[in-house]
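To start, the structure itself, in structure tokens.
Laboratory data are not the source of any read-out in this text; all were calculated from the coordinates shown. Computed from a predicted model, the values in this text were never measured in an experiment. Counting neighbours? That spans all protein chains shown, and the Cβs are built from the backbone with ideal geometry, glycine included.
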Amino acid sequence: MFNKYNLRQNLLCYPLRGIGGLLLFASCLIASDAIAQRDTTRRQTIDITSSYKPVLRNAVKINLSASPLSADTSRPRLAYDIPAQNLFFAYQPISLKPLALMQDTGLELGIRNYAKVGFGNYTTPYIAAAVSFGDGKTSLVNLYGNYISSKGKITNQNFSELQLKGTGSFFTAKNETYGSAGINARQYYQYGYDHAIRNFAKDSVSRKYQDFFVSAGLRNIAVNDFNVNYNPNITAHIFSRENKINESSLIIDAPVEKKFGESVSFKVTASANLTNFKNKTTTVTKSISNNLFQIAPELVYYSDKFTFHGGVTPSWNNGVLSVLPNIYGEAQLQHNILMVQAGWVGRFINNSFRSLSTMNPYIADPTFLTNTKEVQYYGGVKATLGKHFSFNAKAAFITYNNVPLFVNDGLYGNSFIVTNESKMSDLQLHGDMSVVSQDKFTLTAGLDINTYTGLSNNANAWGLIPVQLTGSFRWNAFKQVLLKADVFTFSGVPALLKNNTEKKTNGADLSAGAEFKITKKFSAWLDLNNILDQKYQRFNNYPVYGLNVIGGIIAHF
């Protein structure tokens with residue numbers, strides 16, 4: 001290997017020839033060796049002029065270049081459905097009074113205990129009371145009672161009513177077990193005879209009804225794993241008239257609903273109504289059975305604008321099968337404003353001595369019991385205008401089978417014989433409206449027009465109301481004052497007299513009242529019934545009392 005030093009020596013020695021040249025070449029080699037040996041004796045080193053510093057590589061970062069979102073010009077779909085506050089009940093709810101939180105574990109549910117007493121003309125005492133127990137979380141028990149009686153100016157124009165009832169509920173995390181028991185005792189007298197020529201003893205025209213009932217049920221109050229709602233319940237009635245007529249009824253109802261999402265559900269309701277009537281006034285006890293079994297499967301679809309119910313109801317009425325339709329729906333044309341409704345539905349109305357005596361307390365003991373079959377086609381509209389006004393209008397064509405009608409007996413005219421109409425049609429028009437402003441002002445009105453045609457066994461629909469108008473008014477005029485009024489009018493009720501002639505009865509009943517709060521615990525009340533003092537006859541030969549004034553005190557505790 002040559003470096004710059006031996007290369008120069010070689011170039012200097014290269015031109016010489018011969019012995020001298022050899023000598024000179026040898027001297028050159030010696031010199032080159034000397035130079036080479038001198039170089040090898042020199043120690044080769046590496047000079048480090050800077051220290052090494054380890055440095056991490058810079059991390060590679062993703063550079064995000066933000067860009068503004070494009071404006072959404074589509075109109076949002078708001079599916080909120082907030083109905084107008086236009087619910088009205090015949091009773092007035094208690095006022096809500098927020099209280100400071102106490103450390104007691106008991107739940108304060110407001111003033112739930114009260115007693116209402118009063119007295120009026122026609123020797124009319126009135127007593128009503130309610131007592132509640134429980135915290136409302138795990139248990140709740142309510143006891144109710146009321147009594148009223150009057151004595152009219154006509155002989156035997158008396159009546160009295162006593163109602164006692166207790167209800168209870170016991171709650172768990174997912175279910176509510178509930179039940180009730182009570183008794184209704186009513187005393188009427190058949191005073192609708194000619195008092196100029198007849199003079200009956202009081203006991204001979206007495207109609208004393210007693211109804212003892214008990215019920216129990218179980219329903220879920222929370223969504224379960226199967227998304228199924230259930231509410232099986234059972235009710236038993238023991239009804240009697242002065243221990244001469246006994247009637248027992250057992251009513252079983254078992255509805256179950258399975259929900260599939262938020263829009264679809266399937267419902268099935270199985271029910272049974274078993275009635276056994278016994279008449280002990282004859283030498284041989286007469287028994288009548290009136291039984292009804294039903295099962296009603298139904299598919300339900302819900303949406304923001306449309307609701308549909310579709311199903312059928314197979315019914316066994318005293319062993320005879322009838323399949324009733326159960327198809328109806330509602331469609332919303334304008335959100336929260338106008339809704340159209342239509343349907344084809346059918347049902348059975350259970351008729352018992354207990355239910356018939358509620359419709360007409362002056363009836364004779366029935367000789368038969370049948371259930372009324374009703375099938376109707378209907379259509380209508382209902383709407384809410386603004387925040388306070390709502391109305392409902394409906395027209396229906398109804399066909400009836402086995403309708404009970406009430407005809408005056410041909411002997412004294414003070415009793416009503418129950419007669420059966422096997423087939424009848426009715427063109428019904430219904431309308432109602434309400435104006436509600438929170439809990440301060442409520443005005444409701446309803447009109448029903450029935451046109452009964454196509455009767456097979458009777459010339460007219462005896463005892464049924466063709467035209468009826470009702471209305472109610474409630475106004476909390478001041479903080480301590482409540483004003484109220486009610487109206488009930490009817491016209492064209494046909495009645496068949498004992499000489500086989502027809503008569504139509506009309507009537508109008510206007511009532512008003514007020515309640516004044518004296519203190520937090522006491523209030524005074526006054527009611528005026530039949531202000532027009534019209535002694536109309538809802539049932540032929542039975543004029544009402546006329547103007548009735550009654551007032552008293554309400555105590556809350």
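The distance from the alpha carbon centre of the range 379-455 to that of the range 499-524 is 20 Å, rounded to a whole number.
If you take the beta carbon distance between Ala364 and Asn243 as r and set R0 to 22 Å, what does 1/(1 + (r/R0)^6) give as a FRET efficiency, to the nearest 0.05? For Ala364 and Asn243, the calculated efficiency is 0.80.
Each of Thr177 and Ala445 was given a label point 7 Å from its Cα along the Cα-to-Cβ line. The distance between the two points is 5.1 nm. For the listed peptides 358-369, 403-414, a ranking on the average number of other beta carbons within 10 Å per residue, highest first, reads 403-414, 358-369. Rounded, prolate or oblate for the range 221-364? Axes are the square roots of the Cα gyration tensor eigenvalues, ordered a ≥ b ≥ c, and the cut-off for rounded is a/c under 1.5. Taking the square roots of the gyration eigenvalues as a ≥ b ≥ c, the range 221-364 is prolate.
Let me know the shape class of the range 343-405, please: from the alpha-carbon gyration tensor, a ≥ b ≥ c as square roots of the eigenvalues, rounded when a/c is under 1.5, otherwise prolate if a/b is greater than b/c, or oblate. Since a/c reaches 1.5 but b/c is at least a/b, the shape of the range 343-405 is classed as oblate. Efficiency by 1/(1 + (r/R0)^6): what FRET value for Leu497 and Ser204, r their Cβ-Cβ distance, R0 = 25 Å, to the nearest 0.05? E(calc), rounded to 0.05, equals 0.65. Shape index of the range 444-504: Rg/Rh, with Rg the Cα radius of gyration and Rh the Kirkwood radius from the inverse mean 1/r over Cα pairs, equals 1.26. Can you bin the range 347-505 into rounded, prolate or oblate? Criterion: square roots of the alpha carbon gyration tensor eigenvalues sorted a ≥ b ≥ c, rounded for a/c under 1.5, prolate for a/b above b/c, oblate for the rest. Note, shape of the range 347-505 comes out prolate. For the range 207-220, putting each phi into the Karplus relation 6.51 cos²θ - 1.76 cosθ + 1.60 with θ = phi - 60° gives couplings of 10, 10, 10, 10, 10, 9, 9, 8, 9, 7, x, 9, 9, 7 Hz, in residue order, rounded to whole numbers and with x for Gly and Pro.
For Gln163 and Val256 in the same chain, what is the full-extension length gain: residue separation times 0.36 nm, less their Cα-Cα distance, in nm? Extra length available between Gln163 and Val256 comes to 30.3 nm. The charge dipole of the range 499-552, taken about the Cα centre with unit charges on the Cβ atoms of Lys, Arg (+1) and Asp, Glu (-1), comes to about 160 debye, rounded to the nearest 20. Along the axis of the charge dipole computed for the range 114-433 (Cβ charges of +1 for Lys and Arg, -1 for Asp and Glu, origin at the Cα centre), the listed residues Leu299, Tyr209, Asn402 are led at the positive end by Tyr209. Protection proxy ranking, highest mean first, for peptides 472-485, 183-196: 183-196, 472-485, where packing is the per-residue count of other beta-carbon atoms within 10 Å, averaged. Taking a cut-off of 18 Å, what percent of all Cα-Cα pairs in the range 434-557 are separated by more than that? Of all Cα-Cα distances in the range 434-557, 65 percent exceed 18 Å. Summing Lys and Arg as +1 and Asp and Glu as -1 over all other residues whose Cβ lies under 15 Å from the Cβ of Leu497 gives a net charge of 0. If R0 is 60 Å, what FRET efficiency do you get for Lys387 and Thr282 from their C-beta distance, rounded to 0.05? FRET efficiency, Lys387 to Thr282: 0.45. Solvent-free Debye calculation, one equal scatterer per alpha-carbon of the range 114-433: log10 I(q)/I(0) at 0.15 Å⁻¹ equals -1.43.
Taking the Cα centre of each part, how many Å lie between the range 179-208 and the range 118-139? Comparing the Cα centres of the range 179-208 and the range 118-139, I get a distance of 25 Å.
Separation of the range 248-316 from the range 327-353 is 17 Å, based on Cα centroids. Put a plus charge on the Cβ of each Lys and Arg, a minus charge on the Cβ of each Asp and Glu, and nothing anywhere else: the dipole of the range 434-557 about its Cα centre is then about 300 debye.
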